[in-house]
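This report concerns only the one structure given below.
The values are calculated or read from the model by the stated rules, or taken from the named source; none is laboratory data. These numbers come from a predicted model, not from an experiment. Methodologically, a virtual Cβ is constructed for each residue, glycine included, from the backbone with ideal geometry; neighbour enumeration extends over all protein chains shown. When the accessible area is computed, the model is the full protein with side chains, heavy atoms only, and any ligands, DNA or RNA have been set aside. Shrake-Rupley method; radii C 1.70, N 1.55, O 1.52, S 1.80 Å.
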Amino acid sequence: MSTEIKTLSDPVKPTGKAERGGRRKLGYPAILLIIAGALLLLSMVRAFTDTGSLTDTRQWGSALGLAVPIGLAGLGGLWAERAGVINIGLEGMMMLGLFAAGWIGWQYGPWAAVLAGIIGGVLGGLVHAIATVTFGVDHIVSGVAINILALGVVQFLAKLWFGQEGSAAAEAGGNDKQSPRMDELGDFTVPLLSDWLSTVRGWDVFFLSDTAGILGAAVTNVSWLVLIAVLLFVGTYVVLWRTGFGLRLRSCGENPTATESLGVNVYLYKYLALLVSGGLAGLGGAYLAVFVRMYQDGQTGGRGYLGLATMIFGNWRPGGVAMGAGLFGFVDALQIRGGGTVVHALLLLFSIGLAGFAVYQFTRNRRLSAVINGVLAVALFLWFSATETMPLELVSASPYITTLVVLALFSQRLRVPKAIGKPYRRGEGT
């Protein structure tokens, strides 16, 4: 027994194999090669369609900012579901964080707003934990209830605290739909590197200037909350995959009965996971409030659900969540800054990407999937060739369409934690 408990407490050792199925992990050279290929593809599409926004520094800066709340929500979902609890209440937890940040921010400043947003999300995670872990409520039912409850709570409190006639908030510019404005958080720029990349971008050299434009977004006018979000992704990977604590937490989502038999307090780990989950979602809501310097009704805009989509697309791994959030943030920024012409260029980009993916699947003997993706690639290319722009309705819906397409394409490679959503009562492992 003591040997088994020690095994659970030891950090996970890399084995050179993927987490499941004996597939080999991608090494750093392969990852760098994939990134270089993606940059080359973007450069080719940019040159062919003459849409400079595809690799513009401001475009990628906007994409980075728009990806943060989605990524934080997805990271929150990862913590909860790795511990075996489905958390579709992320949208509601973001609302609570958004409102708390708007309420505190106009009085005490943006950093206080960030802390308040985290606390608001933690409260939502605590409610979900009490309902699902302690009382055994169905996870889906609890999550939906939190979303509905949070919407009602924030709208009621906004009328009570921001819209009440004669109140300090109302005199400062608040109303029942928004809070008064808070101070600006500020950002940072890496001086020499930012200037050098801007110079290379101005050379207008194929691939080199495009790469400089994209990299410039990471060192030019970057919000401090973006840096915090990046550190949280790295920290999540280290904690969950390189520590004994993370191993025990993930084992609660795989086989809680066996985990409890080894002396692990499963309830405690599920509670901790949901508190962290809610805090991350609340931080995503706080980011939205700090970004526009106020709380606004309906400001989350379904980003909690998009966060769930990034978690699924990312196969419950931090790196995958980050890539998914980056993709949706990129598409969202394109439709906001570029409009129909730039989104139209995405048809060619996705067509080439799907064609390459189809070839890869064909070499892996996945003939049916390869044919389906090949047909989609041809269809997108024909659509691109036959039109010059995208209708406004499709431009606005492009982030959500991208979500559906990506999930449909990658659903076959997903590996869900085994005990996710399953009822568990203390004592089953004894």
Item checked: Failed condition for ALA218, given (1) part of a helix (DSSP H, G or I); (2) under 21 Å from the mean Cα position of the chain (by Cα); (3) farther than 21 Å from GLY120 by Cα; (4) not hydroxyl-bearing (Ser, Thr, Tyr) -> (1)
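This table checks each residue for (1) at pLDDT 95 or above; (2) open to solvent by less than 10 Å² (accessible area, probe 1.4 Å); (3) closer than 19 Å to ALA309 by Cβ.
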{"site": "GLY77", "(1), (2), (3)": "yes, yes, yes"}
{"site": "ALA80", "(1), (2), (3)": "yes, yes, yes"}
{"site": "ALA83", "(1), (2), (3)": "yes, yes, no"}
{"site": "ASN87", "(1), (2), (3)": "yes, yes, yes"}
{"site": "LEU90", "(1), (2), (3)": "yes, yes, yes"}
{"site": "LEU96", "(1), (2), (3)": "yes, no, no"}
{"site": "PRO110", "(1), (2), (3)": "yes, no, no"}
Next item on the list: Kindly check whether there is at least one residue in the range 197-220 that is farther than 26 Å from MET323 by Cα and of a type in the set (Ser, Thr, Tyr).
Entry: yes
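Considering only the range 289-317, state which residues are part of a helix (DSSP H, G or I) and not small (Gly, Ala, Ser).
From the range 289-317, those part of a helix (DSSP H, G or I) are 289-292, 303-313; that's our starting set.
Answer for the range 289-317, where residues must be part of a helix (DSSP H, G or I) and not small (Gly, Ala, Ser): VAL290, PHE291, VAL292, ARG303, TYR305, LEU306, LEU308, THR310, MET311, ILE312, PHE313.
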Next item on the list: Check whether at least one residue in the range 158-166 is more than 18 Å from MET95 (Cα to Cα), free of Cβ contacts under 8 Å to residues at least 40 places away in the same chain and exposed (fewer than 14 other Cβ atoms within 10 Å of the Cβ), and report yes or no.
Entry: yes
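Only one of GLY353, GLY374, GLY320 is open to solvent by 30 Å² or more (accessible area, probe 1.4 Å), in a helix (DSSP H, G or I) and not basic (Lys, Arg); which? Spell out how you get there, then give the answer.
Numbers: GLY374 fails: open to solvent by 30 Å² or more (accessible area, probe 1.4 Å); GLY320 fails: open to solvent by 30 Å² or more (accessible area, probe 1.4 Å).
The unique qualifying residue is GLY353.
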Next item on the list: Would you confirm whether any residue within the range 102-119 is free of Cβ contacts under 8 Å to residues at least 40 places away in the same chain, touching a helix residue (DSSP H, G or I) at 6+ places or on another chain (Cβ under 7 Å) and small (Gly, Ala, Ser)?
Entry: yes
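Quick one: which residue in ALA217, ALA286, ALA212, ALA229 is hydrophobic (A, V, I, L, M, F, W, C), more than 30 Å from LEU32 (Cβ to Cβ) and either open to solvent by less than 20 Å² (accessible area, probe 1.4 Å) or without any contact (Cβ under 8 Å) to a residue 40 or more places away in the chain (or both)?
Step by step, each of ALA217, ALA286, ALA212, ALA229 is checked, and only ALA286 is hydrophobic (A, V, I, L, M, F, W, C), more than 30 Å from LEU32 (Cβ to Cβ) and either open to solvent by less than 20 Å² (accessible area, probe 1.4 Å) or without any contact (Cβ under 8 Å) to a residue 40 or more places away in the chain (or both).
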Checklist line | Selection from the range 14-60 of residues that are among the charged types (D, E, K, R) and either open to solvent by less than 80 Å² (accessible area, probe 1.4 Å) or modelled with pLDDT under 80 (or both) | finding: LYS17, GLU19, ARG20, ARG23, ARG24, LYS25, ARG46, ASP56
Next item on the list: Would you mind stating whether LEU240 is assigned to a helix (DSSP H, G or I), open to solvent by 30 Å² or more (accessible area, probe 1.4 Å) and modelled with pLDDT of 95 or more?
Entry: no
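Inspect all residues belonging to the range 386-398 and state whether any of them is outside any helix (DSSP H, G or I), closer than 29 Å to ASN87 by Cα and either open to solvent by 70 Å² or more (accessible area, probe 1.4 Å) or not aromatic (Phe, Trp, Tyr) (or both). If you could, list the steps in order and put the result at the bottom.
Step one: of the range 386-398, the residues outside any helix (DSSP H, G or I) are 387-391.
Those left that are additionally closer than 29 Å to ASN87 by Cα: none.
The answer is no; no qualifying residue exists.
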Checklist line | Answer from LEU247, LEU192, LEU268 - the residue that is within 30 Å of ILE118 (Cα to Cα), free of Cβ contacts under 8 Å to residues at least 12 places away in the same chain, in a helix (DSSP H, G or I) and more than 21 Å from the chain's Cα centre (by Cα) | finding: LEU268
